[in-house]
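Working notes, structure below.
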Amino acid sequence: MFKQILSKLPRKSSKSEPPEFSSIESPSPVRSNSAGSAKSNGPKRTSSAVFPSSVVAGIEPLVPFRDVHNAEKMNLFVSKVSLCCVTFDFSDPTKDTLEKDVKRQTLLELVDFVASGSMRFTEPAILAMCRMCAVNLFRVFPPSYRSHSGNGGGENDDSDEPMFDPAWPHLHIVYDLLLRFITSTCLDAKIAKKYIDHSFILRLLDLFESEDPRERECLKTILHRVYGKFMVHRPFVRKSISNIFYRFVLETEKHNGIAELLEIFGSVISGFALPLKEEHKLFLWRVLIPLHKPKSLGVYFQQLSYCITQFIEKDPKLASMVMNRVLKYWPVTNSQKEVMFLGEVEEILEAINMVEFQKVMVPLFWRIGCCMNSFHFQVAERALFLWNNDQIVNLIAHNRHVILPIIFPALEKNAQNHWNQGVLNLTLNIRKMFSEMDEQLFLSCLAQFKDEEEQLSVLAEKRKEAWQRLENAASLKPITGNTAVLVTPLATKITC
């Protein structure tokens with residue numbers, strides 16, 4: 001097989017024929033002629049179903065680069081790259097071991113040649129390289145592979161370990177080669193953009209579905225370099241990644257590469273020019289903010305929070321709108337997500353200015369007050385930890401006349417009857433802080449709280465009396481027909 005294929009390759013290069021460039025996605029191999037035609041006079045080229053005649057450079061691929069002249073090195077490069085288009089089954093480590101090793105050594109030799117940067121890549125070399133990467137990397141993951149993809153999707157179960165591709169020792173060399181090829185100064189982006197095109201980029205994005213975290217890490221680096229080198233493709237890359245996010249939020253809630261894609265966007269956002277384009281603001285509102293909704297937020301929360309903070313640092317006027325939309329998606333029934341949201345609130349408050357803070361402080365601290373009274377001690381603690389941040393304390397101090405009346409009832413309720421000692425201690429410290437900050441305001445809020453508690457107590461007593469009168473009236477009325485009856489606990493008690 002592999003040896004037979006190698007034996008068919010010509011040993012010497014004849015007159016080079018003009019290359020014919022076909023699509024990377026659908027190569028059209030040319031099979032060799034019959035045995036009789038091999039005896040015809042004139043220069044001849046050997047071809048096979050594996051190596052199309054448009055790619056084979058007519059030179060022995062196993063010859064080292066150092067053994068050929070500079071004029072032949074690019075032809076040798078094309079020949080070696082074409083040799084690497086042969087794929088193997090890596091699920092069986094005992095199968096085709098010799099051929100796999102030959103391919104591995106050839107790939108390593110190509111990595112060294114590309115890293116040396118000794119020659120500019122010709123168009124046939126760029127085509128051959130893109131074709132080889134497409135053959136080796138682009139693949140569709142089977143349904144069984146996708147079915148338990150939980151890394152960016154359905155459930156965030158820490159007990160599910162990622163699947164590792166058995167072909168990774170081979171794939172990572174191909175990824176390394178592609179990365180060095182794209183970042184090489186010998187690659188002309190104007191020529192390469194014809195082959196590293198929209199179709200090539202879409203297939204790269206499809207690979208982010210891989211459950212192997214090592215592969216997603218390589219893809220993240222490569223896509224970032226593609227974005228940096230091919231400026232003409234930047235709008236398409238942003239649009240394609242946005243479509244993945246839309247599908248994840250609105251349809252599947254299952255994708256393994258959300259964290260890596262957000263990490264790429266974190267670097268992209270930092271390079272946005274000011275003032276921000278409307279397209280970028282729409283990405284924030286329509287893509288990033290809704291990513292708070294899926295249950296698996298914890299998998300990519302750090303990257304998402306970084307992206308949003310980058311936007312606020314670029315344009316501080318966005319802070320109040322971002323905060324309002326975060327409050328809109330607040331997870332009132334999910335304690336783990338609530339802790340994460342409180343962490344993001346702290347990051348936003350560290351970057352917000354006074355004017356934007358005053359726009360959101362009323363709904364924000366109403367929500368923080370609810371979190372302080374949470375029976376889940378981690379939520380309550382995380383809300384109270386906000387007072388450990390000097391920037392937030394400074395904002396609160398300047399607006400204490402508005403904020404303290406909002407959160408004072410939550411502080412008093414915690415101080416009176418919260419079950420967790422840690423929450424109780426933090427609450428008492430914050431009460432003391434407010435008392436020292438403005439004693440008169442503190443006493444005023446305390447008096448108002450006591451008045452409200454008395455009013456609530458009176459209302460509760462009135463309700464109790466009203467229900468008691470209704471029960472008494474109902475007990476005196478005779479029961480006729482199917483009339484509904486108010487039954488007291490004593491009437492239903494069964495004695496043994």
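The values are calculated or read from the model by the stated rules, or taken from the named source; none is laboratory data. The shown structure was predicted, so the numbers you read here are calculated from the model rather than taken from an experiment. Counting neighbours? That spans all protein chains shown, and the Cβs are built from the backbone with ideal geometry, glycine included. Protein only, heavy atoms only, side chains kept; ligands, DNA and RNA dropped before computing areas. Shrake-Rupley method; radii C 1.70, N 1.55, O 1.52, S 1.80 Å.
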For K477, the aspartates and glutamates lying under 20 Å Cα to Cα, once residues fewer than eight places off in the same chain are dropped, come out as E465
Too long for a 27 Å Cα-Cα cut-off, among K254/K281; K432/K462; K80/K229; K337/K413; K95/K254; K359/K462, are K432/K462; K95/K254; K359/K462
Here segment 404-413 yields Karplus 3J(HN,Hα) values (6.51, -1.76, 1.60; θ = phi - 60°; whole Hz; Gly and Pro given as x) of 4, x, 6, 9, 4, x, 5, 5, 5, 5
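How much of the accessible area of segment 81-146, probe 1.4 Å, is carbon plus sulfur, in whole percent? Walk me through the numbers before you get to the answer.
Numbers: 1600 of 2850 Å².
Of the solvent-accessible surface of segment 81-146, carbon and sulfur hold 56 percent.
What FRET efficiency comes out for the pair S435/E217, r = Cβ-Cβ distance, R0 = 56 Å, nearest 0.05?
Working: r = 51 Å, r/R0 = 0.92.
Using R0 = 56 Å, I get an efficiency of 0.65.
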So the carbon and sulfur contribution to the accessible area of segment 280-433, 1.4 Å probe, in percent, is 51 percent
Of the residues L288, G266, T252, the Cα lying farthest along the dipole of segment 252-291 towards its positive end, which is defined by charges on the beta carbon of Lys, Arg, Asp and Glu, belongs to L288
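Write down the accessible area per residue of segment 343-402 in Å², having rolled a 1.4 Å probe over the full set of protein chains. Please report the intermediate quantities before stating the final value.
On the way: 2640 Å² over 60 residues.
Here the residues of segment 343-402 average 44 Å² of exposed surface.
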